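The values are calculated or read from the model by the stated rules, or taken from the named source; none is laboratory data. These numbers come from a predicted model, not from an experiment. Positions of Cβ are backbone-derived with ideal geometry, glycine not excepted, and every protein chain shown enters the neighbour counts.
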Amino acid sequence: VWSLSVWLTLRVSVRLMQTQSSRKSRAVRDTLRHVKVKESRRQGELHGPSTVYVQVLGAGSRDNGASLYVFSEYNRYCKMFFFVCVLFVSRIKIARLDNIFLTRMSWETAGGLSGMILTLKDTGVPQCVLSGPPQLCINNTKITLIDCLFLFLSAAVRPYTEPQYKDDTMTVSQVPLFCDGNDLKHIRVTHFSSHIMIINVSFHLLRPYGAQNHIFCLMFPQLHSKKGNFMALKAKEMGLPVGTAAIGPIIEALKAGKTVTHEGKEIRPEELCTPADPGPVFLVVDCPSEDFIQPLCTNHVLQRYQTGGSEDSTALVVHMTPESVLDTDEYKSWMERFPSSTEHLVMNEQTFTPHNTRSHKLQTQLNLIHPEIFPPLKLYKTKEPPASLRVPNVRAECLMKFQLRPKLEWQRDAIPSCDSEEFVKEAAEVPKFLVEVEECRKFQAAKFPEIVFLGTGSSLPMKIRNVSGTLVNISSSQSLLLDCGEGTFGQLCRHYGDDVDEILSRLSTIFVSHLHADHHTGLIHLLLERERALNSLGKAFSPVYLIAPVQIMTWLNQYHDHCQQILSQINIIPSKFLCDGAEVPKVKTKSLIQAALKKNDLVKFQTCYVRHCKNAFACSLTHQSGWQLVFSGDTMPCDAVVNMGKNATLLIHEATLEDGMEEEACEKRHSTTSQAIGIGMKMNAEFIVLNHFSQRYAKIPLFSDDFNGKVGISFDHMRIRFGDFPMLPRLIRPLKALFAEEIEEMEERRERREMKKTAEPPSNGESGTSRQPDEMSKGAKREQDDLNQETAIKRLKTN
Ligand SMILES: [Zn+2]
Ligand SMILES: [Zn+2]
């Protein structure tokens, strides 16, 4: 048994505020008013939040793994519980998140943590505590796996040996599950050929522990039971001193279940209190493979929650379980043992709803401008048939809720609608848009090479722009990736849908420009998915050529040593050996370079140091047929890039900031739009495409006067061929029409900034850190976030 199945039984026994009895006692409200105010305040403290729900963040699809969020409103506080199983977690509002529960340790379940922890720090969450499987702490030392995986971002870990986690809303208990299984190599092969794969990544997590039996962990959150409500009216009738200070201790004692003697008369708690409510329980079951079925189905602790009618009966069971496991008789029978009142929620790849409707909306509208350059987004649909379950069940959809308090019910109002017709209609109503679209139709282009922009934003993944990742399809069977930020695999999935495996199987080479989180943290996930793809297509496995700063090995070695084998997935070619005039590498590296060139039909793959952080590189690819592609990575304007790319066919250059922000760009060692264009003109590139926009330009960057017939801007999921170059500048007019509002807003912001600059003495002109409150508009706020994020990312850097 390799993965850690964590079971979360949440007994949301959120004790309710006294709603019912306060309604009943309305008649005496006035006389009792001051008591009630005090009373309800104390009950707020005693009885916990009135609203608790479980919400689906990631429904479990291949591009958006299963993750749940528990919201509980506790008076003024919000407590949130989070089961991270997804990479895009940074897209969620997490300002009050204070606990993260992991069901297993794997890239799939924990890969989103680095982004999450960075974001939490930026939002000022004092400390978020992680609970989960034993592997969270390495050999019982203070060093945690999270430290290793995420380059020593500090996070507090609650060891699984601590029996319970308890707060005002609920109690979470952890119960380790044991299971046999030794030959990890064997397991890896069998499971990677099945549908379960990524989940099984966690198998390898146990490798260094050498345990004969691998440990699984069950987690049992239990919500506190709700004490009964005090019936004030009846108490008054019985002659109790309602309305005076003396009633306080009496109520307290009665609620605690004690018999009270008042003026010689014995009063039992059930006379004056409504019955206690144990509160709903819910279970989160993460059963990644068939090997877990037996330990799961025979677990005694769980059996207690299957008995109907008792106070422990379960309101909801969340099954993070693949169809192949659901479809076994043993699992089905186990499901049937729950009372009929128990709701079942299934979260796995058998889900077909998009989770990022904003991205779908944008692409649908851009598709109107050019259907080839902006192809419609796709959904990956699993080929696995749905299990025929014998109990009623609900399939997860993004943002769907199950409310536990005040009333047990499904809530679908937060599920985003994704109505393409509506999106088209909305765009068609934009003034001048369709006219501009008509103007730029009918251009034909040769099919290859083809560039697919997967992430065109900087810093942190946002709904509309993911972080760096650009796919170069050299031919119908050769692909290469330039940078691999967090979420790159998800973007591939949404771009290619069911063909994603095919594309992954063609991918032979990955270039990572530098080791900032927005350029490399998607790598491990991508490598694992590539292995899955090769397996499921029955193709022979071969490692990718990884052209990157050699320091990336620190990170990969850590992951390999403590989590799972990953080194067999790559052949490293240190970027420095590809610089002009570099020292001659060892024979092995030399032959890898030759092999990588041959694999991609390239005659040259060159790199050069750029002006960004230490060990940051740009690269240039020259194809046999003559075309040359240059990619800048992150950099200030850099002459080495110009020299490397003389007369290139295409330059992809970062343009993080708009014109007029040169000072800030310099400080952060990035380029502005015009600086990027300037490099392309100096290089005499045939065409320039800009990317890596600051996330303040969520939809569209601000255009500068330097835009000309050789310049285009990139969007996520934009696909261009070299024959499209003449077309790209023409797209700008319809784009400007579509985004007229956003552009206007950004221009106003720029004007305000410029006015301030002229008003301030130059010594005070330090931009970026001393933003005035009046500039804190929506965009400027995001900009501030960017800055914070940038600092955080610096911390993340490997040395
Ligand atoms: Zn970057
Ligand atoms: Zn960078």
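Tallying residues that are polar (S, T, N, Q) and under 17 Å from the mean Cα position of the chain (by Cα) within segment 494-541 yields 1. Glu486 satisfies every condition listed in (1) in contact (Cβ under 8 Å) with a residue 40 or more places away in the chain; (2) within 30 Å of Gln624 (Cα to Cα); (3) within 16 Å of ligand 2 (Cβ to nearest atom) except (2). Looking across segment 653-667, the residues that are within 13 Å of Gly678 (Cα to Cα) and away from ligand 2 (no atom under 13 Å from the Cβ) come down to His653, Ala655, Asp659. Leu233 satisfies every condition listed in (1) modelled with pLDDT of 80 or more; (2) touching a helix residue (DSSP H, G or I) at 6+ places or on another chain (Cβ under 6 Å); (3) buried (at least 19 other Cβ atoms within 10 Å of the Cβ) except (3).
Let me spell it out: the conditions are (1) in contact with a Cys (Cβ under 9 Å, 6 or more places away or on another chain); (2) at negative phi; (3) of a type outside the set (Asp, Glu), and Ile677 meets all of them except one. Which number is the exception? Every listed condition holds for Ile677 apart from (1). Among the residues of segment 492-522, the ones that are within 16 Å of ligand 2 (Cβ to nearest atom) and among the hydroxyl-bearing types (Ser, Thr, Tyr) come to 2 in all.
For segment 644-652, the count of residues that are within 31 Å of the chain's Cα centre (by Cα), within 16 Å of ligand 2 (Cβ to nearest atom) and buried (at least 24 other Cβ atoms within 10 Å of the Cβ) is nonzero. If you go through segment 379-403 and keep only what is among the charged types (D, E, K, R) and assigned to a loop (DSSP other than H, G, I, E, B), you end up with Lys381, Lys383, Glu384, Arg390, Glu397.
Examine segment 480-497 for a residue that is surrounded by fewer than 19 Cβ atoms within 10 Å (Cβ to Cβ), assigned to a helix (DSSP H, G or I), away from ligand 1 (no atom under 13 Å from the Cβ) and not hydroxyl-bearing (Ser, Thr, Tyr), and state whether such a residue exists. Before you say what the answer is, go through the steps one by one.
Step one: list which residues in segment 480-497 are surrounded by fewer than 19 Cβ atoms within 10 Å (Cβ to Cβ), which gives 497.
Filter again for assigned to a helix (DSSP H, G or I), leaving 497.
With away from ligand 1 (no atom under 13 Å from the Cβ) added as a condition, the list becomes 497.
Filter once more, so that each one left must be not hydroxyl-bearing (Ser, Thr, Tyr): 497.
Looking through segment 480-497, at least one residue is surrounded by fewer than 19 Cβ atoms within 10 Å (Cβ to Cβ), assigned to a helix (DSSP H, G or I), away from ligand 1 (no atom under 13 Å from the Cβ) and not hydroxyl-bearing (Ser, Thr, Tyr).
Looking across Leu471, Leu454, one residue alone is in contact (Cβ under 8 Å) with a residue 40 or more places away in the chain and buried (at least 18 other Cβ atoms within 10 Å of the Cβ). It is Leu454. Checked against (1) out of contact with any strand residue (DSSP E or B) (no Cβ under 7 Å at 6 or more places or on another chain); (2) crowded, with 22+ Cβ neighbours inside 10 Å; (3) at pLDDT 95 or above, Thr521 meets all criteria but (3).
When each of Ile688, Ile652 is tested for being within 16 Å of ligand 1 (Cβ to nearest atom), in a strand (DSSP E or B) and β-branched (Val, Ile, Thr), the lone residue that passes is Ile652. The criterion of being more than 28 Å from Arg749 (Cβ to Cβ) and within 16 Å of ligand 2 (Cβ to nearest atom) does not hold for Phe722.
In segment 580-621, of all residues being more than 18 Å from Met683 (Cβ to Cβ), touching a residue at least 60 places away in the same chain (Cβ under 8 Å) and surrounded by fewer than 19 Cβ atoms within 10 Å (Cβ to Cβ), the one that is nearest to ligand 1 (Cβ to nearest atom) corresponds to Cys613.
Restricting attention to segment 691-718, the residues being within 34 Å of the chain's Cα centre (by Cα) and either within 16 Å of ligand 2 (Cβ to nearest atom) or of a type in the set (S, T, N, Q) (or both) number 7.
The set of residues in segment 662-685 that are part of a loop (DSSP other than H, G, I, E, B) and either within 29 Å of the chain's Cα centre (by Cα) or within 16 Å of ligand 1 (Cβ to nearest atom) (or both) comprises Lys668, Arg669, His670, Ser671.
This table checks each residue for (1) in contact with a strand residue (DSSP E or B) (Cβ under 9 Å, 6 or more places away or on another chain); (2) outside any strand (DSSP E or B); (3) surrounded by fewer than 21 Cβ atoms within 10 Å (Cβ to Cβ).
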| residue | (1), (2), (3) |
| --- | --- |
| Thr321 | yes, yes, no |
| Ser340 | no, yes, yes |
| Thr351 | yes, yes, no |
| His355 | yes, yes, no |
| Leu366 | no, yes, no |
| Leu377 | no, yes, no |
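Residues being assigned to a loop (DSSP other than H, G, I, E, B), closer than 22 Å to Ser671 by Cα and either modelled with pLDDT under 95 or touching an Asp or Glu at 6+ places or on another chain (Cβ under 6 Å) (or both) are entirely absent from segment 418-436. Could we say that Cys613 is within 16 Å of ligand 2 (Cβ to nearest atom) and at pLDDT below 95 here? The answer is yes for Cys613.
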